[in-house]
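Student: Sending over a structure as structure tokens; questions will come in a sec.
Where a number appears in this text, it was derived from the coordinates with a stated rule and is not lab data. Given the structure is predicted, the values throughout are model-derived calculations rather than measurements. Cβ: placed from backbone, ideal geometry, glycine included. Neighbour counts: every protein chain shown.
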Amino acid sequence: MSSTTTTHSTQQVDLRSDTVTQPTAAMRAAMVAAPVGDDVFGDDPSLNALQERIAAITGKEAALFMPSGTQSNLCGILAHCQRGDEYIVGQNAHTYRYEGGGAAVLGSVQPQPLVQDAQGRMLLADIAAAIKPDDPHFARTRLLCLENTWNGHALPDDYLRGATELARAHGLATHLDGARVFNAAVATAAPGQSALARVGEIAGHFDSLSVCFSKGLGAPVGSALCGSRELIARARRIRKMAGGGMRQAGFLAAAAQHALEHHVDRLAQDHALAQQLAGGLQGIAGLKVRSASTNIVFVDVADGRGPALLDWLQQRGVLATGLIGLRFVTHLDVDAAGVEYALDCMRQFFAHSPDRAAVPAASGTAVY
Ligand SMILES: *Cc1c(COP(=O)(O)O)cnc(C)c1O
């Protein structure tokens with residue numbers, strides 16, 4: 001992969017997200033060769049083929065290609081809910097916290113956020129208690145939205161089953177934000193089970209799900225909403241309204257199709273690299289690994305030194321994010337040498353600046 005070579009000749013290790021990947025040469029070739037047409041007329045053969053393929057993988061009747069995961073979740077929620085309905089969602093879930101409040105702003109759908117545990121689970125008792133009775137005082141509780149993986153954590157099957165059965169028993173629809181569902185599938189597939197078969201199993205718990213091709217799968221653009229024919233027809237109307245009706249988008253679909261063929265099983269390598277990174281980080285005094293699951297590692301930095309460490313790393317070509325603790329994400333364009341280089345840079349930071357008291361901690365627990 002030429003992109004990896006370029007990255008390492010300049011000692012660039014970009015661990016900000018699995019969205020930063022460059023399309024591989026083979027993916028670019030597939031894109032260039034794609035037959036295309038105007039998808040608003042339903043004429044794009046590459047797009048139609050992708051939608052059929054992802055619908056088959058997820059075991060749904062239909063699928064709709066989307067420019068982003070945000071738009072895919074938005075169209076999913078708005079296709080399930082009417083104005084004045086509400087959806088139950090994790091307090092730190094992407095659809096609630098990181099999508100600009102779109103369901104409320106654009107759909108007048110009220111979120112009912114609930115506390116999640118360290119693995120991303122809402123208590124079933126909390127979900128049950130949040131479902132409102134049919135009474136004019138309340139918004140109509142219509143939808144349960146889960147996220148898998150959440151902060152890298154794959155939700156266990158018994159939880160997926162328990163939460164969605166509870167929702168169904170109360171007449172709620174269920175939606176999965178599966179931006180990284182391929183990572184979840186690779187991490188939880190039974191021995192001998194293919195990752196794509198496992199995606200189908202996870203999807204089987206839900207009425208609809210959104211998957212991203214632009215994260216771990218390494219495509220440049222694109223997500224898909226999968227669900228019943230009827231739901232997808234409603235979502236198509238909402239996508240058009242949101243400005244997401246694209247024309248010769250088959251070029252993008254070809255990249256996603258290539259990713260489905262070639263970049264799913266290799267996610268196991270990203271997961272192994274994340275474990276390699278976490279193992280090295282554990283040996284560095286001043287850092288505490290908060291979690292390391294699938295391809296995402298969260299680290300707490302002692303004494304409020306997170307921002308200084310981020311700067312230090314950036315000056316050395318190692319990029320990470322610091323929104324909720326330092327976050328490192330492995331992906332297609334990271335290798336073992338890059339991970340070792342990043343670890344070296346962090347060891348140097350703590351070796352060269354041992355004065356931990358230099359920056360006062362913002363709080364007693366000193367995390368960034
Ligand atoms: C990235 C992400 C999204 C949104 O995807 P975009 O394509 O960036 O809009 C939704 N949910 C989760 C969990 C994500 O990580």
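Student: Using a cut-off of 14 Å between beta-carbons, work out the net charge of the residues near Tyr341 (Lys and Arg +1, Asp and Glu -1, Tyr341 not included). Let's see the in-between values first.
Tutor: Details: positive: Arg316, Arg347; negative: Asp14, Asp333, Asp335, Glu340, Asp344.
Combined, the nearby Lys, Arg, Asp and Glu give -3.
Student: Counting only helical runs of four or more DSSP H residues, what would the 222 nm mean residue ellipticity of the chain come to if each run contributes -39,500 (n - 2.57) and the total is spread over all its residues?
Tutor: -13000 deg cm²/dmol
Student: Still on this model: Which residues' amide hydrogens lie under 5 Å from the amide hydrogen of Gly90, considering only partners 5 or more residues apart or on another chain, with H built in the peptide plane?
Tutor: Leu114
Student: Have a look at the DSSP beta bridges in region 34-262 and tell me what percent are antiparallel, nearest 5. Walk me through the numbers before you get to the answer.
Tutor: Working: 10 of 29 bridges.
Of those bridges, close to 35 percent are antiparallel.
Student: Turning to a different aspect of this structure: Could you work out how far the C-alpha centroid of region 25-74 sits from that of region 302-328, in angstrom?
Tutor: About 36 Å separates the Cα centre of region 25-74 from the one of region 302-328.
Student: OK, next. Does anyone have the angle between helix 306-315 and the longest principal axis of the chain? Alpha-carbon axes, 0 to 90°, nearest 10?
Tutor: Compared with the principal axis, the helix lies near 80 degrees.
Student: Which angle between 0 and 90 degrees, to the nearest 10, do you get for helix 45-58 versus the longest principal axis of the chain when only C-alpha atoms count?
Tutor: Relative to the chain, helix 45-58 is tipped by roughly 80 degrees.
Student: Let me ask another. Just the projected area, averaged over all directions, of the convex hull on the alpha carbon atoms of the chain: how many nm²?
Tutor: Working: hull surface 77.0 nm².
Computed as one quarter of the Cα hull surface, the answer is 19.2 nm².
Student: Next question, about the same structure. Add +1 for every Lys or Arg and -1 for every Asp or Glu among the other residues with Cβ under 14 Å from the Cβ of Gln276, and state the total.
Tutor: Taking every other residue near Gln276 into account, the sum is -4.
Student: Determine the sum of side-chain charges near Arg198: Lys and Arg each +1, Asp and Glu each -1, restricted to other residues whose C-beta is under 12 angstrom from that of Arg198.
Tutor: Overall, the nearby charge balance is -3.
Student: Enumerate the residues in region 98-122 having an amide nitrogen under 14 Å from the point lying 7 Å beyond the Cα of Gln91 toward its Cβ.
Tutor: Inside the label zone: 112-122.
Student: Considering only DSSP states other than H, G, I, E and B, which trypsin sites (Lys or Arg not before Pro) in region 46-138 qualify as loop sites with at most 16 other Cβ atoms within 10 Å? Show your work: numbers first, answer last.
Tutor: On the way: sites: Arg53, Lys60, Arg83, Arg97, Arg121; in loops: Lys60, Arg83, Arg121.
Here the trypsin sites (Lys or Arg not before Pro) that fit, given the DSSP loop and packing criteria, are Arg83.
Student: Can you give me the angle between helix 69-80 and the longest principal axis of the chain, using Cα atoms only, in degrees from 0 to 90, rounded to the nearest 10?
Tutor: Between the helix axis and the principal axis of the chain, the angle is about 30 degrees.
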